[in-house]
Amino acid sequence: MTPPVGTALAGYYVAEGRRSGARSTHDDLHAKALVFEHDGITAAVITSDLIAIPADVTSTVRAIVKEQTGIPDHCVMITASHNHSGPALSPPLRADLIAGLVAAAVREMRPARFAVGIGTCAINVNRRKRRPDGSWFGLPFLGQNFEGPVDHTVTVLRFERDDGSRAVLINYPCHAVVLGPNLEVSADYPGATQRFVEAYFGAGTLALFTNGAEGDINPIVHPGPFAEADRLGCILGAEVVKVAEQLTPRPVQRVAAAHGAVSLPVASSPPLEEEARLLAAWEARCRTLRASLSPDAVLDEEMSWTTAQLRHLRRRRFGTAATAEVQYIAIDDAVLASVAGELFTVLGQQVRASSPFAHTVLVGLANDSVGYIPPRSCFQEGGFEIEATPLEPGAGEKLRDAMISGLRALG
């Protein structure tokens, strides 16, 4: 999936320091597919080193997969690592190539065993932090709140064939932003983690990465050089290996899948046309300030405008309600529970605590993205994510309750 030099990169804006397209490639980007079947039910999980997966790509990939393999839509999950050093998703992704990964994996299916385990890794931190004057740290790098909610859980799903080849599916909640607004293509720390795991186990190993409930979580280094992305990725990779080595894969007893859609309320004020006029005047004010002040002096104003513009564009896209897909793929006592957006830590923890499954793996940025999904309490506090989300207070709790109901129905 590595884009050519010159490609616009995702996740940061000009005002944050990303003033050109990619100048070079530091490490390649990948999409990978894991397919497993039991008792006539086949499921596919596709991972990618991208910032998100657009809904139209998901629909097209699922249609091609169904035509080529017979796997139904609700059994196909397409995820992104939320990588901020990969391509902006324009022009559209090649859905046929992504779907082809699943068809190829189906052809290579062999009898396998399965096990799941958890570990702990503290390379992530809550990023919602107030300054001494009570204001919130904002873009481009936010803050580090070591007393805030954070989930250090590393979940490892290990699939082992009789010939010794294996797949290791990794889940960890943390923005892929160690590198900040750099100008080289890279998979950031998730890429380093996957390379570490594949190198440790050797030939015949496929490592795949999924993000978790990372809406308010950043790496402990942000921004940093490539050496830091590699270092944090290796720390996480070592924990993955530690967990995987303690597992004893056994024959699979059950595979099941389901999905649904949750309608989430979108902010109704101010009216869109009024907001567009306010944003245009705000942008003009930023241009005037840039002409008379240093870039650093204008940064906070530009970041606030950029955030408001992001929210406005999402409101225009969704209208009065955003449809968020939720999906569940269960294998034995584990379930991948995905959401089309960036769920906050506390909501993810509440879903997991109420799930009937022994291992509930929250997967964020799957199949689409409605943006940040904060709890109601954060709307009362404010901060960058609240300024950026198009959703109304209570949308996060509505999604949480829907996910818990879906998990209980499947369990």
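The values are calculated or read from the model by the stated rules, or taken from the named source; none is laboratory data. The structure displayed is predicted, hence computed values, not measured ones. As a convention, Cβ positions derive from the backbone with ideal geometry for all residues, glycine included, and neighbour counts pool all protein chains shown.
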Of the criteria (1) of a type outside the set (S, T, N, Q); (2) surrounded by fewer than 24 Cβ atoms within 10 Å (Cβ to Cβ); (3) out of contact with any helix residue (DSSP H, G or I) (no Cβ under 6 Å at 6 or more places or on another chain); (4) under 15 Å from V266 (Cβ atoms), which one A395 fails: (2)
Residue check, W305 over 26 Å from the mean Cα position of the chain (by Cα) and aromatic (F, W, Y): no
Quick one: in the stretch 141-165, of everything that is touching a Gly at 6+ places or on another chain (Cβ under 7 Å) and at pLDDT 95 or above, which residue is farthest from H222 (Cα to Cα)? S165
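Need at least 2 residues that are in contact with a Leu (Cβ under 8 Å, 6 or more places away or on another chain) per element, so show me which helices (runs of 4 or more DSSP H) inside the stretch 265-356 make the cut, counting only ones lying wholly within it. First the steps, then the outcome.
Working: elements: 272-292, 295-318, 345-354.
So the answer is 295-318, 345-354.
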Scan the stretch 265-275 for residues that are free of Cβ contacts under 8 Å to residues at least 60 places away in the same chain and surrounded by fewer than 14 Cβ atoms within 10 Å (Cβ to Cβ) and jot them down. S269, P270, P271, L272, E273, E274
Is one or more of the residues making up the stretch 307-330 assigned by TED's automatic domain parsing to the domain that holds G138, crowded, with 24+ Cβ neighbours inside 10 Å, of a type in the set (A, V, I, L, M) and under 21 Å from N218 (Cβ atoms)? no
What is the number of the single condition among (1) within 24 Å of H259 (Cβ to Cβ); (2) in contact (Cβ under 8 Å) with a residue 60 or more places away in the chain that G382 does not meet? (1)
So, in the stretch 69-109, exactly how many residues are surrounded by 14 or more Cβ atoms within 10 Å (Cβ to Cβ), among the polar types (S, T, N, Q) and closer than 26 Å to L343 by Cα? 4
So which residues in the stretch 309-339 are more than 17 Å from T42 (Cα to Cα), among the β-branched types (V, I, T) and within 18 Å of the chain's Cα centre (by Cα)? T323, V326, V339
Among the residues of the stretch 286-306 satisfying the criterion of being in contact (Cβ under 8 Å) with a residue 60 or more places away in the chain and of a type in the set (D, E), which is surrounded by the fewest Cβ atoms within 10 Å (Cβ to Cβ)? D300
In the stretch 321-366, residues that are under 26 Å from N145 (Cα atoms) and either of a type in the set (D, E, K, R) or free of Cβ contacts under 8 Å to residues at least 12 places away in the same chain (or both) total 3
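Among the residues of the stretch 374-411, write down those that are part of a helix (DSSP H, G or I) and among the polar types (S, T, N, Q). Don't jump to the end; show me each part of the working.
Going through the stretch 374-411, the residues part of a helix (DSSP H, G or I) turn out to be 376-381, 384-388, 395-410.
Across the stretch 374-411, the qualifying residues are S377, Q380, S405.
Specify which of the listed residues (I53, I64, I46) is touching an Asp or Glu at 6+ places or on another chain (Cβ under 7 Å), outside any loop (DSSP other than H, G, I, E, B) and either assigned by TED's automatic domain parsing to the domain that holds T79 or within 17 Å of L208 (Cβ to Cβ) (or both).
I64
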May I ask you to list the residues in the stretch 183-227 that are buried (at least 24 other Cβ atoms within 10 Å of the Cβ) and either among the acidic types (D, E) or at pLDDT below 95 (or both)? D188, E214, D216
